Structure formats: C-alpha cells, structure tokens
Amino acid sequence: QKEVEQNSGPLSVPEGAIASLNCTYSDRGSQSFFWYRQYSGKSPELIMSIYSNGDKEDGRFTAQLNKASQYVSLLIRDSQPSDSATYLCAVSSHTGGFKTIFGAGTRLFVKA
Amino acid sequence: GAGVSQSPRYKVAKRGQDVALRCDPISGHVSLFWYQQALGQGPEFLTYFQNEAQLDKSGLPSDRFFAERPEGSVSTLKIQRTQQEDSAVYLCASSLFAGGDEQFFGPGTRLTVL
C-alpha cells in the first residue's frame with residue numbers, strides 16, 4: 001500500500017466548474033498536509049497547507065482535512081484553463097524522521 | 001531573484017561517472033530537502049537538512065548517493081558511479097522553519113545517464 005494515494009486521472013472539468021481532488025494517507029501520525037501544483041516540465045508550487053481537521057479556504061481553493069478518515073481533499077472553484085496541471089498531495093510526519101511523502105499526483109484538465 | 005536555484009539544469013553523464021548537483025536555498029531558510037522525481041511520479045524524498053545537520057537520509061537509495069550542506073546554506077547532492085536507473089529530475093526544496101513544512105522548490109536538475 002502506497003503511503004499517499006491519489007487518483008491519477010486525468011480529471012476533466014469544464015471551465016467554471018468545481019474540480020474536486022482527493023488524497024488518502026496511511027500514517028496516522030501525520031501532522032501536516034499540503035497541496036502542490038506542478039505544470040508540465042516545471043517544479044512543484046505550494047498552493048495550500050492544512051494542519052487541523054476541517055476546511056481552509058484561500059481564494060478559489062479550499063482544502064479539507066479529515067484525520068479520522070485519513071483523507072485530504074482540494075476543491076477548485078470556478079476552474080480556469082490555467083488550472084490545468086498535476087496536483088500533488090503531500091503529507092509530513094515528524095515522528096521518526098523528517099520525510100515529506102508525495103502522492104503520484106492527479107492530472108487536471110480544464111476545458112475552455 | 002530570491003527563489004531556490006539549482007545547477008546545472010541539465011546533466012548528461014556516462015554510466016559510471018560521478019556527478020555533483022548544487023542547490024542554493026532561499027536565504028535564511030533552515031530546512032533543505034532533496035527529492036528524486038521520475039516521469040509521471042511524485043517527488044520521492046531523499047534527504048533532509050536542518051541547517052548543516054543531516055537529520056534524515058532514509059530516502060537515499062544506495063551508498064552511491066551522498067549529500068552535504070557544510071555551512072548550513074548551499075547543498076550538494078553527489079552521485080557516484082551513476083547508473084541508468086539514476087536518470088530522473090532531482091529537486092531541491094527549502095523551508096523557513098525547522099521541520100520544513102511549507103517547502104519552496106527549485107527548478108530541478110534533469111540527470112540523464114547513458
């Protein structure tokens with residue numbers, strides 16, 4: 001079982017729709033959760049961080065965390081073609097080390 | 001710019017050669033990470049530095065991989081006797097605080113081993 005799992009996609013949504021990206025993780029000791037966006041041929045760029053259960057909103061982005069279910073999600077409202085990228089879920093735990101574990105990413109296509 | 005920089009951006013090595021990849025983190029950032037990213041995969045953790053101390057090297061795939069950050073700033077990832085399976089993009093990321101939660105990535109070094 002992979003430590004951080006994401007649906008590889010591609011996820012295709014029309015412009016203006018809500019894109020919903022999901023992630024599950026296996027380490028119950030995980031403390032910090034992140035969403036990164038990676039355009040093709042570029043390096044990851046941090047979009048959101050979330051540390052406690054519930055929702056966190058930043059502009060068109062909302063991250064949701066449920067530690068009991070070991071589940072993290074990212075909602076993108078009013079999706080734009082420029083949002084087309086791979087979205088990486090990342091989880092870190094400082095128990096026993098300083099690893100940040102990334103999922104393989106979900107490819108999102110926003111159709112104009 | 002004030003971002004993370006890496007050099008070289010591209011490196012082609014013959015199998016068996018040694019390579020050295022450099023990372024300049026954001027000034028003042030305490031934490032520094034190295035990752036290996038294969039095509040179509042997420043970054044895979046290699047090692048973590050807090051200032052000059054290498055606190056986690058559990059992700060280094062073999063003893064051919066070695067990293068250092070002697071003055072707590074610039075870091076070098078060295079790969080000895082490169083193999084074809086070492087071909088990947090090597091990413092460096094830095095973070096302001098110890099523990100390194102919110103990470104800022106450099107552009108990466110694409111290593112191709114022939």
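The values are calculated or read from the model by the stated rules, or taken from the named source; none is laboratory data. Remember, predicted model here, so these are calculated numbers, not experimental data. Using ideal geometry, Cβ is built from the backbone for each residue, glycine included, and neighbour counts are taken over all protein chains shown.
Of the numbered conditions (1) at pLDDT 95 or above; (2) under 19 Å from B:GLN41 (Cβ atoms), A:THR100 fails exactly one; give the number of that condition.
(1)
I need a count of the residues in the stretch A:32-42 that are under 15 Å from the mean Cα position of the chain (by Cα) and either within 14 Å of A:ARG107 (Cα to Cα) or not in a strand (DSSP E or B) (or both).
Residues in the stretch A:32-42 being under 15 Å from the mean Cα position of the chain (by Cα) and either within 14 Å of A:ARG107 (Cα to Cα) or not in a strand (DSSP E or B) (or both): 5 in total.
Considering the stretch B:36-48 alone, what residues qualify as being more than 8 Å from chain A (Cβ to nearest Cβ) and not polar (S, T, N, Q)?
The answer is B:ALA38, B:LEU39, B:LEU46.
Being more than 14 Å from chain B (Cβ to nearest Cβ) and either closer than 19 Å to A:GLY16 by Cβ or modelled with pLDDT under 95 (or both), is that true of even one residue in the stretch A:38-59?
Kept after step one, since they are more than 14 Å from chain B (Cβ to nearest Cβ), are these residues of the stretch A:38-59: A:53-55, A:57, A:59.
Still in the running and either closer than 19 Å to A:GLY16 by Cβ or modelled with pLDDT under 95 (or both): A:57, A:59.
The answer is yes; a qualifying residue exists.
With respect to A:ASP55, determine if the residue is outside any loop (DSSP other than H, G, I, E, B) and of a type in the set (Asp, Glu).
Yes: the conditions hold for A:ASP55.
Find the residue count for the stretch A:10-65, including only residues that are exposed (fewer than 12 other Cβ atoms within 10 Å of the Cβ), of a type in the set (D, E, K, R) and touching a residue at least 12 places away in the same chain (Cβ under 8 Å).
1
Identify, from the list B:GLY72, B:GLY59, B:GLY16, B:GLY100, the residue that is at pLDDT below 95 and more than 14 Å from chain A (Cβ to nearest Cβ).
One residue alone meets the criteria, B:GLY72.
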